[in-house]
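J.: First the structure, which I've put down as structure tokens, then a few questions once you've had a look.
A short reminder: the numbers here are calculations on the coordinates, not readings from a lab. This structure is a prediction, so every number in the text was calculated from the model and none was measured. As a convention, Cβ positions derive from the backbone with ideal geometry for all residues, glycine included, and neighbour counts pool all protein chains shown.
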Amino acid sequence: MSPPELKRVAVAEPTRRSYLGWLLGLCTAGAGVALSVPLIRFLLYPLRARTTEVKWSDAGAVSDFASLTGPVQRSITVEQVDGWRKTVSDKIVYITKSSSGELEVLSAVCPHLGCSVQWRDSKHGFECPCHAASFRPDGSITGGPAPRAMDTLQTQIQNGRLMVRYQYFRQLVATKEVFG
Amino acid sequence: MSELSNRNWRGGFFRWLDKRTGLDSLLREALDEPIPGGARFAYVFGSALLFIFISQVITGVFLALYYVPSADHAHTTVAYISKAVSAGGFLRSIHAYGSSAMVILLLLHVTQTFLYGSYKGRRELLWLSGCVLFALVLCMAFTGYLLPWDQKAYFATAVGTNIAGEIPLIGAWLKSLMRGGADMGTLTLSRFFVAHILVVPAAIFAVVALHVYLFRKAGAAGPISENPISPTAPTEPFYPHQVMVDAAFALLIIIVLALLAHFAPFDLGPKANPADTHYLPRPEWYYIPIFQWLKYWPGSLSFVGVVIIPGLVAFFFASLPFLDRRMERRPWKRPIAVGSYTFIFLALFGLGWMSYRSDHGDPGYAAQLIAQQKDTDEFMRKPFEAEIEQPVVAATPETPANPLIAQGAQIYQEQACNGCHGDAGTGSAAGPKLTGIHDRMSADQLAALLKSPSAKMTAGGMAPLNLPPDAMKSLVAYLESL
């Protein structure tokens, strides 16, 4: 409680004190920045690690589809990594031939509003049961409200098996855009 | 406006802010706290505790971004944090070692307060609020220990809750309350989680505020030669000297924690297996003396050792400022108080040492403890394995017994109702779930709505359904069965 003492200390070593203060402030700021690095990396991990990445699913042996005359329906098992868990679900795809005769895999999800498109043998084409969008065997539009052709899925052939990468695409847009 | 358009607009801004908030006087009040006899290294532990508590809060909030408090997922999510997430092992280690650091600093803070006799002189409530904080910190350590749900966590908590069960009259009830039932399970985890992240931290914030208020009310006690009520030594303000010493110590703590976390990450053992009868549960080091102490109190006497004696020690400890009314602060003039304190500390060390001896003296125990550590190390080396979530609906749905419903289920598939409403009406992003629709509308209402959907349904993408009457009847029967 004695101001004279207080003043004496403050005046006696101003340069040393301010130097120390600066040094400590600098160290503290440095430590703060250094410590926020792991926090930010931790926070942003799901943005950098593609935790929602979809793995390749097996759609069957390529030889099964050698003499394909029309689209065939296949149920594939899709394994998705969702953070710390893997989800396994079954999805419907159609194996068909493109206009150039190459094997292609169509998603059964209608590009209009997402109903499951069905193959109608009688009409030799696909038809959506919800709003009657219709498509040719190769997936191109013949009529109805769909904004684009049925979506083709990425494929690759591994050891004679047709592998598919199942993805969702945005509905109601004219171009195919991966969703999610 | 004239204030803000001042030549020195920054000064104007701060003047405005200060007028509205009183920030300046608040800051002055905080920083100009007079310290009799000047700043000292011995006074750092209180602010160090506050610093490490804030570090625990920050790391804890971040860990909660990935942690799931359920017996099914807790262990997986902690493994995910430790092994997969960037800097996850580091942050978890800072948090886990931070709890030990907090207990150590707490003991240092109490010891300093005790040896300096700083609890004397109108500081009874300050001391009592400190005792409450002591208990709350131990609660944090106990509840946090279970959360990883590994073997160590599970068995240590099983023992801990059993100890609570020893308390006469309310013990059994208290144990069930803590566990959320007779056995340890997912409800235990939820309870500990809520205590650890909501209830106890809120209490700590409140009591810390009270503790700091009472401290400022009583004033710093200063060196041991001073009268604790009205110290006469010349004072020095808290800022800058003591602030610098405190900051330097905080820096030291965080550097030590970071080095530990980086070079010796805190481990996670295999997932809790309640069926493992070989597992030797061992609590964290600060509970080891109590753990050893319990071995000496068999059967009917156990409540004397478990409840009465520790209760008496805690009672005398808390009532210290009421029992010791002299103003004498020099430790060598207070043989009874300092002697008892030293005795209790030595006894705790002794118990810890005996626990170590009995674990490492018995070849069977020693081998089991080594095996447990080996399991833990092995688990830590394995890469992270994601939990596999099986589809909720089986790939081939069971055919319902009722033929009408079976036919309806087929129509449901054919009409691609599942495209939006999900398999078996469980719903999806594109359409609402239909399960339980029988509670919401009758069969006739449902049939009518399917034929001509409402405006809201049409807007959502629902098309009118034109089915033959028989088919509609089956579909409605199926939907009502969901």
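J.: For chain A, find the longest principal axis of its Cα atoms and tell me its angle to the long axis of helix A:14-48, 0 to 90°, nearest 10.
T.: 10 degrees
J.: Hey, in chain A, which Cys have no second cysteine's beta-carbon closer than 4.7 Å?
T.: So far as the 4.7 Å Cβ criterion goes, A:C27 stand without a partner in chain A.
J.: Also: One-quarter of the Cα convex hull surface for region B:1-103, in nm²?
T.: Seen from a random direction, the Cα hull of region B:1-103 projects 12.1 nm² on average.
J.: Quick check: net charge around B:V78, other residues with Cβ under 15 Å of its Cβ, Lys/Arg +1 and Asp/Glu -1?
T.: +1
J.: Take the Cα gyration tensor of region B:134-180, multiply each eigenvalue by 5, square-root it, and list the three semi-axes largest first, rounded to whole angstrom.
T.: Three semi-axes, in Å: 19, 14, 8.
J.: Given a Förster distance of 56 Å, report the FRET efficiency between A:L43 and B:A455 from their Cβ-Cβ distance, rounded to the nearest 0.05.
T.: The value I calculate is 0.80.
J.: Looking only at other chains, what is the average number of their beta-carbon atoms within 10 angstrom of each beta-carbon in B:455-463?
T.: So the per-residue partner count for this stretch is 2.
J.: In vacuum, with every alpha carbon of region A:116-156 counted as one equal point scatterer, what does the Debye formula give for log10 I(q)/I(0) at q = 0.13, 0.31 Å⁻¹? Two decimals, please.
T.: For region A:116-156 at q = 0.13, 0.31 Å⁻¹, log10 I(q)/I(0) is -0.24, -1.11.
J.: Report the per residue volume, in Å³, of the convex hull enclosing the C-alpha atoms of region B:403-481.
T.: 81 Å³
J.: Let me ask something else. Give me the percent of Cα-Cα pairs in the protein assembly as shown that sit more than 51 Å apart, rounded to a whole number.
T.: Summing the P(r) of the protein assembly as shown above 51 Å gives 37 percent of all pairs.
J.: May I ask you to list, by number, the DSSP H helices of chain B whose Cα span along the axis is at least 15 Å and whose average Kyte-Doolittle hydropathy reaches 0.0 or more?
T.: What comes out of the filter, once short or polar helices are dropped, is B:44-63, B:88-115, B:124-146, B:151-164, B:200-218, B:243-263, B:335-361, B:469-481.
J.: What shape does region B:205-253 have by the C-alpha gyration tensor, where a ≥ b ≥ c are the square roots of the eigenvalues, rounded means a/c under 1.5, and otherwise prolate means a/b greater than b/c and oblate the rest?
T.: Taking the square roots of the gyration eigenvalues as a ≥ b ≥ c, region B:205-253 is oblate.
J.: Moving on. On the principal axes of its Cα set, how long, how wide and how thick is region A:93-177? Give whole Å, largest value first.
T.: Answer, in whole Å and largest first: 40, 30, 20 Å.
J.: Something else: Would you tell me the mean number of C-beta atoms belonging to other protein chains that fall within 10 Å of each C-beta in B:82-91, as a whole number?
T.: The mean count of partner-chain Cβ atoms within 10 Å per residue comes to 5.
J.: Another one. What residues qualify as long-range amide H neighbours of B:L434, i.e. H under 5 Å apart, gap of 5 or more or another chain, H built at 1.01 Å from N?
T.: Here B:T426, B:G427 satisfy the definition.
J.: Suppose we look only past 16 Å in the calculated P(r) of region A:53-103. What percent of the Cα-Cα pairs does that tail hold?
T.: 49 percent
J.: Based on the Kirkwood radius over alpha-carbon pairs, what value in µm²/s does the Stokes-Einstein equation return for the translational diffusion coefficient of region B:57-122 at 4 °C and 1.567 mPa s?
T.: Translational D for this selection: 92 µm²/s.
J.: A follow-up question, please. Could you give the C-alpha radius of gyration of region B:32-381 expressed as a fraction of 2.2 N^0.38 Å, taking N as the number of residues it contains?
T.: Dividing the Cα Rg of region B:32-381 by 2.2 N^0.38 Å gives 1.06.
J.: Taking the mean number of other Cβ atoms within 10 Å as a proxy for protection, how do you rank B:277-290, B:303-316 from highest to lowest?
T.: B:277-290, B:303-316
J.: OK, next. Taking the Cα centroid of region B:304-355 and of region A:65-137, what is the distance between the two, rounded to the nearest whole Å?
T.: 77 Å
J.: Among the lysines, select those whose C-alpha is under 19 Å from the C-alpha of B:K120, and discard any that sit fewer than 8 residues away in the same chain.
T.: Reachable lysines: B:K217, B:K333.
J.: Would you grab the residues whose amide H sits under 5 Å from the one on A:Y168? Only those 5+ places off in sequence or on another chain, please, with H modelled 1.01 Å from N.
T.: Excluding prolines and chain starts, which carry no amide H, the hits are A:F179.
J.: Ranked highest first by average number of other Cβ atoms within 10 Å, how do A:149-155, A:106-112, B:255-261 line up?
T.: Packing proxy ranking, top to bottom: A:106-112, A:149-155, B:255-261.
J.: Could you calculate, for region B:47-172, the ratio of the Cα radius of gyration to the Kirkwood radius, expressed as Rg to Rh?
T.: My calculation of the ratio gives 1.05.
J.: I've got another one for you. To make sure I understand the rule: partners must be aspartates and glutamates, Cα under 13 Å from the Cα of B:K175, and not fewer than 8 residues away in the same chain. Which ones qualify?
T.: Cross-link targets: B:E166, B:D183.
J.: If I model region B:94-251 as equal point scatterers sitting on the Cα atoms and use the Debye formula, what is log10 I(q)/I(0) at q = 0.12, 0.14, 0.21 Å⁻¹?
T.: Values returned for q = 0.12, 0.14, 0.21 Å⁻¹ are -0.68, -0.85, -1.39.
J.: Okay, moving on. Cβ neighbours within 10 Å, averaged per peptide: list B:208-218, B:451-461, B:192-202 in order, most packed at the top.
T.: Packing order, densest peptide first, comes out as B:192-202, B:208-218, B:451-461.
J.: For region B:300-452, just run the numbers: alpha carbon Rg, then divide by 2.2 N^0.38 Å, N being how many residues it has.
T.: Ratio of Cα Rg to 2.2 N^0.38 Å: 2.37.
J.: Let me ask something additional. Cα-based Rg of region B:183-226 per 2.2 N^0.38 Å, rounded to two decimals?
T.: So the Cα radius of gyration is 1.95 times the expected 2.2 N^0.38 Å.
J.: Under the definition of partner shielding as Cβ atoms of other protein chains within 10 Å of a residue Cβ, what is the mean value for peptide B:410-416?
T.: Mean inter-chain Cβ contacts per residue within 10 Å come to 3.
J.: Work through the residues other than A:V105 whose Cβ is under 10 Å from its Cβ and net out their charges, Lys, Arg +1 and Asp, Glu -1.
T.: Summing Lys/Arg as +1 and Asp/Glu as -1 gives 0.
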